[in-house]
1. Residue farthest toward the positive end of the dipole of chain B, with Cβ of Lys/Arg at +1 and Asp/Glu at -1: which of B:Gln218, B:Gly204, B:His85?
2. In which sequence would A:Glu322, A:Glu250 go, from the one with the fewest C-beta neighbours within 10 Å to the one with the most?
3. Could you pull out the trypsin sites (Lys or Arg not before Pro) across segment A:8-84 that fall in loop regions by DSSP (anything but H, G, I, E, B) with no more than 16 other Cβ atoms inside 10 Å?
4. Between segment A:219-243 and segment A:34-48, how many Å separate their Cα centres?
5. If each DSSP helix of 4+ residues adds -39,500 (n - 2.57) and the sum is divided by the residues in chain A, what number results at 222 nm, nearest 500 deg cm²/dmol?
6. Roughly how many nanometres apart are two label points built 7 Å out from the Cα toward the Cβ at A:Asp349 and A:Glu295?
7. Have a look at the DSSP beta bridges in the protein assembly as shown and tell me what percent are antiparallel, nearest 5.
8. What does the C-alpha gyration tensor say about the overall shape of segment A:1-88? Classify as rounded when a/c is under 1.5, otherwise prolate if a/b is larger than b/c, or oblate.
Amino acid sequence: MSSEPLLRVENLKTQFFTDAGTVRAVDGISFEVHEGEIVGLVGESGAGKSVASMSLLRLVESPGEIVGGEITYRGETLFGLEEGPDGELRERDDMLSNEEMRTRIRGNEIAVIFQDPMETLNPVFTVGGQLREFIELNRDLSGKEARKEAIEMLREVGIPDPEERYEEYPHQFSGGMRQRVLIAMALACEPNLIIADEPTTALDVTVEGQIIDLVDELQEKYDTSFVWVTHDMGVVAEICDRVNVMYLGEIIEQAPVDELFHDTKHPYTEALLNSMPRPDRTVGELEPIEGVMPEAISPPSGCRFHPRCPDAREVCQRVHPENKEVARADGYPHNAACVKHDVFDVGYDESVPLDKEPQMTASTPSAGDDGE
Amino acid sequence: MGLLRYTTYRFIQAIPVLIGISILTFILANLTPGDPVRLMTQGQEVTPEQIERIEAQYGLDRPLHERYLDYMAGLVQGDMGHSFHRNRPVTDLIASRIGPTLLLVLSAYAFALVTSIPLGIIAAKRRNDPFDHVSRIVALFGVSTPSFWIGIMLILIFAVQLGWLPSAGLVYPWWSPETYGHSGYFEHLIETMRYLLLPMIALGTLQMATLMRVERTQMIESLQGEYVKLARAYGVPERTILRKHAFQVAQLPIITIVGLNLSTALGGAVLIEFVFNINGLGRLFYEAIIQLDYQLIMGITMIIATMFVIGVIITDIAYAYIDPRVTYGESE
Ligand code: SF4
């Protein structure tokens, strides 16, 4: 736990301006990544994890836009706004330009491992050629050196016969092997931070295990930090040091991994853990989370989780809980956004419990009643 | 399978196709109403015996299948028979007319490719900008306007009104400059271009418009590909993404369309030859049909079919060459 974190995200907001309205995909999240850490960003699909991770590189695609907050990486401002003389928000002077983001940050400082190894590699170029291109761009190596390095990296991520496979095209690789290529790309650029966006989701379980072991091993060797985006608590348990749980654009609980698993504070995290297959449980004992996540375009009032929360009470519909420190573990805060833990008592204990049947009100549009 | 074997394989595959076309045309040509001998002897006093003699001379009295087999036997030796009407070998007639048509079609394609691809890319990049809207209107105009009308308009404007360019005929670059009284190859080339320009644009506009629309759609799709996201995340400059990463994938459907549109282009060439008074295959074909010149109809049909088949094969090979995912023909 060094003094200055490698990456600090504060109150980040990313929104999509669609015809149907503004989607607050990422709605004020804050987290840190320290040197050498693997930090998890967990949640169901649609929680805003991927948008959050792309925001870090300022690669949110239109109609999406980062509208607020601050991203600091090693003392440099990747994103930051200030109030101008006219009262309008404007980009701060010390914020990196697009060109600086491209040449100095993307790839060589922060690299990404994408989710879908089938679609991510370009089908018409050789695997080696693509790897070499990124190395040349990000490491000031000549073509020949970059080629050598590319072959070396393919070997490093466990691709047999790297010299021959260098010349092959993506379709000649299996899913697991392609994912290894994507990992090789990230590592070959020698970044300090790697964003892994659900890198094992498209793979079967055996391959997933191999890839996770590989990342674990390489992480130790290169001491790279990771932001690990996933919906799978099992993967989190296996690989992460600290975890941020996201729900509908917000981080609702953050804690070191052991603390999160053993002293879960937020009902949503609990529900996620209960829905996860574990060796000490049979499939029959799994408890899927009730309902589906509502759309981020019109989130429920108060606590966004209240339509699905087993502990929800009347107050949860009114009060939006802040993500606050509720405990400390290993020198890190354990934060949770739930009125149950609110230090300023908002009256959870006296509040009446909500009906088990989730209520359909104007403010809870798609409150899932499709769960039994 | 290697590229060479694939090529051979595709050409062998084309043989039954061409045989099928030949049978069909042969039957159709002979079913056409009208009697060629009567047409030939129009206005002359002929006895039935004379007609019979002419029919025997050209083998018209024999059964259809025998005549077909005879024809095919000649064809494989490069003999396409004899034109009744012009009293010349069909091969000679076609040879003297194919040059202008090929020149016209190929230049129209070159024009279409050179213009449509950059325009399509810019339109994709500036999606929903004024440039994009204008180019889409132009494309819509291009695909919905008949080429002969464009040809006539071009003549009216550039030849009649402005007097900048000639309105009829072609200069054949394969003839020597002296034939036209040109002082050298440079002038010869310039003149070739001057004559070619209007018919080329008239014929090429449809292809240009079609290809531009496809290029735009393909580039838009390709620019949304995951591989583009990857390239961006690794700091690849936007222009490299456009020119390399997104571009190469987007070209695959273009190649297919170029091949398939060859038939439209060849059909369009017939009309353009009329509008610009070019002595090409298209006009010869028209005359052959009017005169019920069976042998000539057969010959030209076979040549056009062969050109089309070759065009499709070439595009298939180009596709296989560019797209590494195509395993040469194994998936047939
Ligand atoms: S605030 Fe209320 S609804 Fe939200 S998680 Fe806590 S108990 Fe559940």
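Quick note: the coordinates plus some simple rules give every number you see, no bench work behind them. This structure is a prediction, so every number in the text was calculated from the model and none was measured. No Cβ is skipped: glycine too gets one built from the backbone with ideal geometry, and neighbour counts run over all protein chains shown.
1. So the residue furthest toward the plus end is B:Gln218.
2. On the way: A:Glu322 15, A:Glu250 25.
Listed from fewest to most nearby Cβ atoms, that is A:Glu322, A:Glu250.
3. Working: sites: A:Arg8, A:Lys13, A:Arg24, A:Lys49, A:Arg58, A:Arg74; in loops: A:Arg58, A:Arg74.
The qualifying sites are A:Arg74.
4. What the calculation gives is 8 Å, centre to centre.
5. Values: 11 runs with 102 residues, N = 372.
When only DSSP H runs of four or more count, the value is -8000 deg cm²/dmol.
6. A separation of 4.1 nm, rounded to one decimal place.
7. Working: 40 of 60 bridges.
In the protein assembly as shown, approximately 65 percent of DSSP beta bridges are antiparallel ones.
8. Working: a/c = 2.49, a/b = 1.25, b/c = 1.99.
The shape class here is oblate.
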